[in-house]
1. How high is the FRET efficiency from VAL433 to SER356, r the C-beta distance, R0 41 Å, rounded to 0.05?
2. Which of the three applies to region 40-154, rounded, prolate or oblate, going by the alpha-carbon gyration tensor with a ≥ b ≥ c and a/c under 1.5 meaning rounded?
3. Using 0.36 nm times the number of residues separating MET212 and GLN168, minus their current alpha carbon distance, what extension gain do you get?
4. Check each of the GluC sites (Glu not before Pro) in region 1-92 and keep only those in coil by DSSP with at most 12 other C-beta atoms within 10 angstrom; list them in order.
5. Would you work out which of SER402, VAL362, SER434 lies farthest towards the positive end of the dipole of region 347-442? Charges go on Cβ: Lys and Arg +1, Asp and Glu -1.
6. With a point put 7 Å past each Cα toward its Cβ, work out how far ARG276 is from GLU379 in nm, to one decimal.
7. Taking just the alpha carbons, could you work out the radius of gyration and Dmax for region 347-442, both in angstroms?
8. Once you order the gyration tensor axes a ≥ b ≥ c over the Cα atoms, which shape class does the chain get: rounded for a/c under 1.5, otherwise prolate or oblate by comparing a/b with b/c?
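No value in this document is a laboratory result; all are computed from the given coordinates. The shown structure was predicted, so the numbers you read here are calculated from the model rather than taken from an experiment. When we count neighbours, we look across all protein chains shown, and the Cβ atoms used for this are built from the backbone with ideal geometry, even at glycine.
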Amino acid sequence: MKSAPKAVRGMDFSQDLIAMGWYHSFEFPDGSVIDGYMPLSVQKERYSRYPIPDDLSGKRILDIGAWDGWFSFEAERHGGQVLAIDYVEVPTFQQVHRRLRSKVDYSVLDFYELPSAGLSKFDIVFFLGVLYHLRHPLLALEIVCGLTNDVAVVESFVIDADTWKEHQDAIPTLEFYETFELGNQYDNWSGLTVACLLAMCRAAGFARVELMFAGGTYAGAACYRKWEPPPAQPASPPPQLLSLSNSRTPGNCFSSRKSEEYIECAFRAPHDHVIRADDLRLEVSGFGTRAIHVQKREDGRWAASFRLPPALDAGWHPVRLRFADTEFGNELRIAVDVPVQRPSQVAVKDIYDGRSWARSEVRIADGGFVSFWVSGLPENRSALDVRVLLGAIPLQITWLGSDEKSGYCQINAKVPPDIAKGTHDFQVRFAGVSSDPQAVQVL
Ligand SMILES: C[S@@+](CC[C@H](N)C(=O)[O-])C[C@H]1O[C@@H](n2cnc3c(N)ncnc32)[C@H](O)[C@@H]1O
């Protein structure tokens, strides 16, 4: 049989491990010790790198890939209620568990089974030394983010721990290991640069990512789901949130199952300063989310897009915005996985050409924009559930607003250029309920 190739990266310590029998080291209350591959001093140093409170009473902690379990038992020693998971049953974990009379919960679960395991969120998640073992690193970090309420501690093998500062502004990269390249182990899949580790933690949905350690072959970050507290002395009044919409399809409905959900938000700033993405702090049900893009519009208002925070529960979620140096402003809300409700009736009034504002007509030469007002829609509304018909032709909805004081909401739509000129019936349908037809002239 062909022997496995030598490791190109990292060290193959499998023989040392077999000889020692333990990965972690332990010190028991009676003074006895187990010497594992990793010295106790290193484990303690690793634990102390991260913002883990000394008193963990009342905190729920998840230790992913616990192996012999030193981090789980240490968190329990500090008062935490801990769940440890690993994809194989590790007998040495059970041995220490018995010896300590530990109450740490233990589940044999593969990492990718975590989202469907019925676990609620944890205050602190340990994700130590596991990322590079997983085939889908960005998805993995997103799953970790979705399981975290407060902070996840992410530590991984990296390829430039001692040199990352020299190229920190370069595009982050990831090495892919198809078989035995890293440590001679076929379940090692990737080696990230430090910048890549931090960027992927941010892209996974964490609001704030702080590098806590980089050295040798490892780096570790504290990844927070919440923004830092607002300043005690705000520099100005907060921004005023004007509207929230799904960037993929107009409306205030979002799906927790789709991977590319962005909240497009319009806001008014209290000053004329240039606003950058890093200045913005959007919060959805308390979870911070980073701005991907921000831009001043022609009407002087601002538009910014933010990723939908991962793993939101089904229901309505309050959304607030602040600048880094202000308090939060007003609150609007979005619907996540809220089922469509059938309205009792749908009515349309005031159909205009969106450019000339001429009533009951639309001029193709001006772009074919139509604006109109609709009543009867439920508060959660998505363009996916609204059908706007001009004759038999469906129009593309470009804006679906919220209810105004009149009880009607504005909808903007685009008429395709190939529509026949003349008079057509205009109708709006929502969840099978149609408005009365009205005549609109296409010019
Ligand atoms: C390098 S050890 C890290 C042990 C410990 N967390 C630490 O940092 O000291 C990697 C651990 O992840 C576990 N693991 C690897 N792939 C996994 C997967 N797909 N699901 C769950 N656990 C996994 C391994 O069994 C092992 O216990």
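1. Numbers: r = 30 Å, r/R0 = 0.74.
The pair VAL433/SER356 has a calculated efficiency of 0.85.
2. It is rounded, given that a/c, with a ≥ b ≥ c, falls under 1.5.
3. Details: separation 44, 0.36 × 44 = 15.84 nm, distance 1.56 nm.
That pair, MET212 and GLN168, stretches by 14.3 nm at full extension.
4. Sites meeting the loop and neighbour criteria: GLU89.
5. VAL362
6. Distance between the two pseudo-spin positions: 3.7 nm.
7. When restricted to the Cα atoms of region 347-442, Rg and Dmax are 12.3, 36 Å.
8. prolate
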